[in-house]
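As structure tokens, the structure follows; a few thoughts come after it.
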Amino acid sequence: MANLSVINVDDEYPALQLVRQYCDQIEGVDLQSSFQEPEKALEYLKENVVDLVIFDINMPGINGVELLQQLPYKPLCIFMTLETQHAVKAFELDVVHYLVKPVDFETFRKAINKAKDFLQFKNSAEHSEKEDFIMFKSNYIMNKVFLKDILWVQGFGEYIILVTSLKKYMILDRMSNFEEKFQAFGFIRVHKSYIILASHIESYDVKSVYLKSGDKIPLGRTYKKILKEHLGK
């Protein structure tokens, strides 16, 4: 797997030095550039594609949130800042992690590994559009699962659980991401926390969807119409 390409944006030079020092200690990380001025970082990102951007938030000119919103594409993002009040907004923007300074090496390393997992899942998902399977890391092991074998997907915040007839896998990803990537393969959302493969549906009623496997999945009121239209019944 290629190195994780990274840039860092922080108006404080010691913070930039610390991130470079941390990145140098982590295998598979390529810190391509560091910027004290967010405007210069924006110009760089208009001309270069990177996997991950590490932002401070409270910076002169453009703050970290504004910079993220102005990017011409959406890289993975980690906020590393003294500010705590922007955490909710950050997660609305699907950032990988929100680190509050001072950040020790082990905490930083875990955030970087989380970004690596996100990128690996994203790349495998894009590849699987042709192959009809996904490759992902679960419990530190790489797994291959054919999409047709997934009975349902259940969401738990930043994680999803893929349920097959033989095994369950916990993966670092969001329900909305999975739904967007694999809707074309027959997956349909039937509840705010559940996505199922339509071909596995046996029947449904007002509150539940019944699968051919004998399992019962809750049916959200707002999703019943979508399910009915999808099945043509």
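The values are calculated or read from the model by the stated rules, or taken from the named source; none is laboratory data. Quick caveat: nothing in here was measured; it's all calculated off a predicted structure. Ideal geometry is used to build each Cβ from the backbone, glycine not excepted, and the neighbour counts take in all protein chains shown.
Picking from residues in the range 24-42 that are under 25 Å from the mean Cα position of the chain (by Cα), without any contact (Cβ under 8 Å) to a residue 40 or more places away in the chain and not in a strand (DSSP E or B), the one that is surrounded by the fewest Cβ atoms within 10 Å (Cβ to Cβ) is E27. Quick check on V206: is it in contact (Cβ under 8 Å) with a residue 12 or more places away in the chain, crowded, with 18+ Cβ neighbours inside 10 Å and farther than 25 Å from A111 by Cα? No; evaluated as a whole, the condition is false for this residue. Being under 20 Å from the mean Cα position of the chain (by Cα) and either at pLDDT 85 or above or in the same structural domain as L197 (by TED's automatic domain parsing) (or both) is true of N113. Scanning the range 1-23 for residues that are assigned to a loop (DSSP other than H, G, I, E, B) and under 25 Å from the mean Cα position of the chain (by Cα) returns M1, A2, N3, D10.
Residue count for the range 180-190 under the criterion of being part of a helix (DSSP H, G or I) and touching a helix residue (DSSP H, G or I) at 6+ places or on another chain (Cβ under 7 Å): the result is 3. Residues that are hydroxyl-bearing (S, T, Y), under 29 Å from the mean Cα position of the chain (by Cα) and part of a loop (DSSP other than H, G, I, E, B) within the range 191-233 comprise just one, S193. Set side by side, the residues K137, K148 differ, and just one is of a type in the set (D, E, K, R) and either at positive phi or outside any strand (DSSP E or B) (or both), which is K148. Taking first residues from the range 106-131 that are buried (at least 19 other Cβ atoms within 10 Å of the Cβ) and assigned to a helix (DSSP H, G or I) and partners that are among the small types (G, A, S) and modelled with pLDDT of 65 or more, the Cβ contacts under 8 Å between residues at least 6 apart in sequence or on separate chains come to K116/G28. One residue alone among L82, L68 is surrounded by 15 or more Cβ atoms within 10 Å (Cβ to Cβ) and farther than 18 Å from K110 by Cα, and that residue is L68. Checking the stated criteria, I217 turns out to be touching a residue at least 60 places away in the same chain (Cβ under 8 Å), surrounded by 12 or more Cβ atoms within 10 Å (Cβ to Cβ) and aliphatic (A, V, I, L, M).
Kindly establish whether Y98 is assigned to a strand (DSSP E or B) and either out of contact with any helix residue (DSSP H, G or I) (no Cβ under 6 Å at 6 or more places or on another chain) or among the aromatic types (F, W, Y) (or both). Yes.
Restricting attention to the range 171-190, the residues that are of a type in the set (A, V, I, L, M, F, W, C) and either loosely packed, with under 15 Cβ neighbours inside 10 Å or at positive phi (or both) add up to 1.
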